[in-house]
Amino acid sequence: MAQGARSLPELISELPQLFMALVRAELNQLKAELAAKGKVAAIGIALFFGALLLLLLFVPVLIAAAILAFCLIVPPWAAALIVAGILLVLIAGLAIAGIMFFRRIGSATPKQTIGSVKTDVDAVKGVGDYDF
């Protein structure tokens, strides 16, 4: 036997510890991947709630604009429509930003972890390219 080489029983006795370490590493990777996606989703949700809040403010402004329009006084009516237009632009901007954050997530499946587990399974089977 070569110097520094371990016997087969020694290698087999290490398998449970190595397997548990592999499972722990995969679970930690899964947690990290899902946490990152969760943070992006939280930002997207917050932006949508911001858009909803501004939308709730938009309705009373339109009502005020309609009331002022009936008064036939141009400056207050024009001012109310300008405010309504600004709020509409803000609502659209927040909604678009929220959509962009949700698109960053992609699918909810943890693709990196699944790929890593498949590689590990292939390595255990002795199939594919892998390093020891």
Requested in this report: Please identify the pairs in which a residue from region 72-90 that is at positive phi and at pLDDT 75 or above has its Cβ atom under 8 Å from the Cβ atom of a residue that is surrounded by fewer than 17 Cβ atoms within 10 Å (Cβ to Cβ) and in a loop (DSSP other than H, G, I, E, B), counting only partners at least 6 apart or on another chain.
Outcome: none
Query raised in the report: For region 15-36, what are the residues that are loosely packed, with under 12 Cβ neighbours inside 10 Å and farther than 30 Å from residue 101 by Cβ?
Result: 15, 16, 17, 18, 20, 21, 24
Report summary line: How many residues of region 105-126 are under 19 Å from residue 19 (Cβ atoms) and loosely packed, with under 10 Cβ neighbours inside 10 Å? The answer is 2
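The values are calculated or read from the model by the stated rules, or taken from the named source; none is laboratory data. Because the structure is predicted, anything quoted here is derived from the model rather than measured. Every residue, glycine as well, gets a Cβ built from its backbone with ideal geometry; the counts of neighbours run over all protein chains shown.
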